[in-house]
Amino acid sequence: MDEFYMQQALAIARYATGRTSPNPLVGAVIVKDGRIVGQGWHRKAGTPHAEVHALAQAGELAKGATIYVTLEPCSHHGRTGPCADALIEAGVKKVVVAMTDPNPEVAGNGLTRLRAAGIEVVEGVLIAEAIQINEVFLKWITTGMPFGILKTAMTLDGKIAAHTGHSKWITSASAREYVHKLRDIYDGILVGVGTILADNPKLTTRLLEGGHNPVRIIVDTMARTPLTANVVTDKEAPTIIAVGREAPVERVEALRKLGVEVLVLEQNTQGVKLRQLFKVLGEKRITSVFIEGGATINASLLADNLIDKVYSFVAPKIIGGKKAPGPVGGNGVDQVDQAIMLENITTQTIGDDILISGYVVGREGCDVYRACGGTGES
């Protein structure tokens, strides 16, 4: 029964997917005498936590009840009060949690406080599922680096465009809608300046029901982004442009005057140092970065071990041509057995296309709760 009720808590935690950053997804279910008397989920950073919503719904019935929570109740004062104290005051008898909170401000202190108050605590119920729903939070809170998600779209023969550069459209309308659903749940969206120059994209979320626009992040070593580009002029979402120290000062200032945040970073022969960029983004509490760049930026991010998860759409088309580009550029590996590997693979059909998704083997943050690929396996 513990697993049954924890499944309910995990299900309602997912209601807020993409809305709680930089906080985790959390769901809570209160059970008394074999029935659910209260439930809640954390809906947005700065608002009451899941336990508070569940306690409010349960009222006096919370006394002597069991609460199932997907993440350890907090023990510190942030924008809201400690949930551990709220559970103690409500008189709950038992607390069942899926996983402890790796946040250094909590890190087991909430469970210690509950036990000290005489409350029975059970840990580790459906921990693998809890890890998976909070894979972004786990990476960011333990490493300070954003969770990197690479999206590619290619034909059966591995092409992202014809030899002329024409690329609209590789995938179906259904696949493109799915990509907008992904944009809706992540904090940032990243492309290289080549994408801006070639396509002048808006990089916004366009769903019938609306949605969240991620922060637009442009890697542009020499500040070549046109002042008339959509990411500069439309103001539908914030835009960050990362330039190198050799970028022309007048170009940098012109972009800043138009309301763009420009980060001046170290650079090497390949351009802006991407690891430094990700570190700065993490400091800005951008916990996830969805990459929709071209072959060059994709290769650089993979080489720097900044990609955690991959979504690869494969369309039932054949373009052909030696000069037609693929999704990952650079020099590549010397031998096949040196290839970057994915694990915990899932496949699904979306429209006419196949979506293959998985996690990069050896990615940073993989040791967090043995969270390789969000499965609890190491």
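Estimated translational diffusion coefficient (Stokes-Einstein, Kirkwood radius over Cα pairs, 10 °C, 1.306 mPa s) of the range 10-156: 102 µm² per second. Among Leu150, Leu203, Leu265, the residue with the largest mean-square fluctuation in a Gaussian network model of the chain, with springs joining Cα atoms closer than 10 Å, is Leu265. Remark: relative contact order (the range 90-232) = 15 percent; criterion is Cα-Cα distance under 8 angstrom and separation of 6 or more residues. Structure note, pairs Lys44/Lys284; Lys94/Lys284; Lys181/Lys279; Lys257/Lys323; Lys32/Lys181: Cα-Cα distances above 29 angstrom occur for Lys94/Lys284; Lys257/Lys323; Lys32/Lys181. The alpha carbon radius of gyration of the range 242-345, expressed as a multiple of 2.2 N^0.38 Å, is 1.31.
The mean of 1/r over all distinct Cα pairs in the range 52-118, once inverted, gives the Kirkwood hydrodynamic radius of 11.9 Å. Residues whose amide H comes within less than 5 Å of that of Val37, counting only those at least five positions distant or on another chain, are Ile30, Val31, Lys32 (H built at 1.01 Å from N in the peptide plane). Taking the Cα centre of the range 247-340 as origin and assigning +1 to Lys and Arg Cβ atoms and -1 to Asp and Glu Cβ atoms, the resulting dipole is close to 260 debye. Against the chain, whose longest principal axis comes from its Cα atoms, helix 2-13 is set at around 50 degrees. Estimated at 0.36 nm per residue, the fully extended path between Gln57 and Ala116 surpasses their Cα-Cα distance by 18.7 nm. Both radii come from the Cα set of the range 167-291: Rg as radius of gyration, Rh as Kirkwood radius; their ratio Rg/Rh reads 0.97. For the Cα trace of the range 94-157, dividing Rg by the Kirkwood Rh returns an Rg/Rh value of 1.21. Surface exposure of the chain, expressed per residue as accessible area with a 1.4 Å probe, stands at 46 Å². Normalising the average separation of contacting C-alpha pairs (under 8 angstrom, six or more residues apart) by the number of residues puts the relative contact order of the chain at 16 percent.
What's the extension gain from Ile36 to Met341 if we count 0.36 nm per residue and subtract their Cα-Cα distance?
Value of the extension gain: 105.5 nm.
Taking amide H atoms as placed 1.01 Å from N in the peptide plane, the amide H of Gly326 lies under 5 Å from those of Ile160, each 5 or more residues away in sequence or on another chain. Given the C-alpha centroids of the range 1-52 and the range 64-130, what is the distance between them in whole angstrom? First find each Cα centre; the distance between them is then 12 Å.
GNM on the chain, alpha-carbon springs under 10 angstrom: the most fluctuating residue among Gly329, Gly358, Gly293 is Gly329.
Expressed in nm², what is the orientationally averaged projection area of the convex hull enclosing the Cα positions of the range 132-188?
5.6
Split the accessible area of the chain by element, probe 1.4 Å, and carbon with sulfur accounts for 51%.
Taking each DSSP H run with n ≥ 4 as -39500 (n - 2.57) and averaging over every residue of the chain yields -7500 deg cm²/dmol at 222 nm.
Evaluated with a Cβ-only charge set (Lys, Arg +1; Asp, Glu -1), the chain carries a dipole of roughly 880 debye about its Cα centre, given to the nearest 20. Histogrammed with a bin width of 5 Å, the alpha carbon distances of the range 298-359 distribute as 4, 13, 20, 24, 23, 14, 3, 0 percent, first bin at zero. Any chance you could tell me what percent of the C-alpha pair distances in the chain go past 40 Å? Beyond 40 Å sits 22 percent of the P(r) for the chain.
For helix 274-283, report the angle its Cα long axis makes with the longest principal axis of the Cα atoms of the chain; keep it between 0 and 90° and round to the nearest 10°. Here the helix axis deviates by roughly 30 degrees.
Label positions at Lys181 and Arg43, each projected 7 Å from the Cα along the C-beta direction, are separated by 2.3 nm.
Proximity of backbone amide H atoms, modeled 1.01 Å from N, is registered between Ile291 and Ile149, Leu150, Lys151, Leu190 at under 5 Å, excluding neighbours fewer than 5 places apart on the same chain. With the alpha-carbon atoms of the range 1-57 aligned to their principal axes, the span from lowest to highest coordinate is 35, 22, 12 Å, starting with the largest. Positive end of the dipole of the chain (Cβ unit charges, origin at the Cα centre): among Val280, Leu227, Thr347, the Cα lying farthest that way belongs to Leu227. Could you state the number of Å between the C-alpha centres of the range 151-188 and the range 195-255? Comparing the Cα centres of the range 195-255 and the range 151-188, I get a distance of 19 Å.
Have a look at Lys181, Lys139, Lys284 and tell me which one the Gaussian network model of the chain (Cα, springs below 10 Å) gives the largest fluctuation. Highest fluctuation of the listed residues: Lys284. Residue-wise HN-Hα couplings along the range 16-31, as the Karplus relation 6.51 cos²θ - 1.76 cosθ + 1.60 with θ = phi - 60° gives them from phi, are 9, 3, x, 10, 9, 3, x, 7, x, 7, 9, x, 9, 10, 9, 10 Hz; Gly and Pro carry x. Here the convex hull built on the C-alpha positions of the range 197-256 has a volume of 77 cubic angstrom per residue.
The values are calculated or read from the model by the stated rules, or taken from the named source; none is laboratory data. None of these values were measured; they are calculated from a predicted model. Every residue, glycine as well, gets a Cβ built from its backbone with ideal geometry; the counts of neighbours run over all protein chains shown. Note: accessible area is taken over every heavy atom of the protein model, side chains too, but ligands, DNA and RNA are not part of it. Shrake-Rupley method; radii C 1.70, N 1.55, O 1.52, S 1.80 Å.
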